[in-house]
1. Can you tell me which residues in segment 105-129 are exposed (fewer than 14 other Cβ atoms within 10 Å of the Cβ) and touching a strand residue (DSSP E or B) at 6+ places or on another chain (Cβ under 9 Å)?
2. When you check ILE146 against the structure, is it in contact with a Leu (Cβ under 6 Å, 6 or more places away or on another chain) and β-branched (Val, Ile, Thr), yes or no?
3. Say whether the condition of being in a loop (DSSP other than H, G, I, E, B), basic (Lys, Arg) and either touching a helix residue (DSSP H, G or I) at 6+ places or on another chain (Cβ under 9 Å) or surrounded by fewer than 13 Cβ atoms within 10 Å (Cβ to Cβ) (or both) is met by at least one residue in segment 9-22.
4. Have a look at SER29, SER37 and point out the one that is surrounded by 19 or more Cβ atoms within 10 Å (Cβ to Cβ), closer than 17 Å to SER133 by Cβ and of a type outside the set (Val, Ile, Thr).
Amino acid sequence: MATSEKNLSEYNKETIPNGADFKIGIVVSTWNEKITSNLLLGAQQTLLDNGVNEHDITIEYVPGAFELPLACQLMLDTNKFDGVIAIGVVIQGETKHFDFVCAGTTHGLMDVMLKHSKPIAFCVLTDENEQQSIDRSGGIHGNKGIECADACLNMIAFKKKY
C-alpha cells in the first residue's frame, strides 16, 4: 500500500485560502465517536488555523453516517453556509450493511453538493477495521479531518471565483 508509511495530512499553509469570510458547517456522526471526535478536532483546528472565525463554524451531530446527507442538505438549505464538512466512520463488518451505508452516504452527499452547488468535504472513513480508522484520525496516517478542512476551504474559494 502506497500510504503505509506516510502521514497524508501534511499541507502547505501558504497554499490554503484564508477563510476569514467563510461560514462552514460541520456534521459529525456519533457512531464510532472515539474516531469521529478526533476527525472533528483536526478539521476544526485546521479551519481556525486558516482564518475561519470560531463563530463562523457551526457543528451539528447525527447518529450515523447514513444521516449525513440529510443533515448537510438541511444546513445548506438555510443559505447560511459556504460549505460543509461531513464526518463519519463506517467499518467493515460481516454483512453487506457496510456496502449499503457507504454507497448511500457517498451518493447522498454528492447529490446534495451538486443540488446546492456548494462543497461538501467527504470526511467519511470507510475502513476494513477500527485500527485503520484510528490510523487515519490522528494516527500514523495523519488526520483526514485536516485534509477535508483543506479541501473545503479550497473548494469554497474556487466557487467564489465563478
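Just so you know, all these numbers are worked out from the coordinates, no wet-lab data involved. The structure presented is a predicted model; accordingly, all values stated were derived computationally and were not measured. Methodologically, a virtual Cβ is constructed for each residue, glycine included, from the backbone with ideal geometry; neighbour enumeration extends over all protein chains shown.
1. MET110, GLU128, ASN129
2. Against the criterion (in contact with a Leu (Cβ under 6 Å, 6 or more places away or on another chain) and β-branched (Val, Ile, Thr)), ILE146 does not qualify.
3. no
4. Of the residues listed, the single one that is surrounded by 19 or more Cβ atoms within 10 Å (Cβ to Cβ), closer than 17 Å to SER133 by Cβ and of a type outside the set (Val, Ile, Thr) is SER29.
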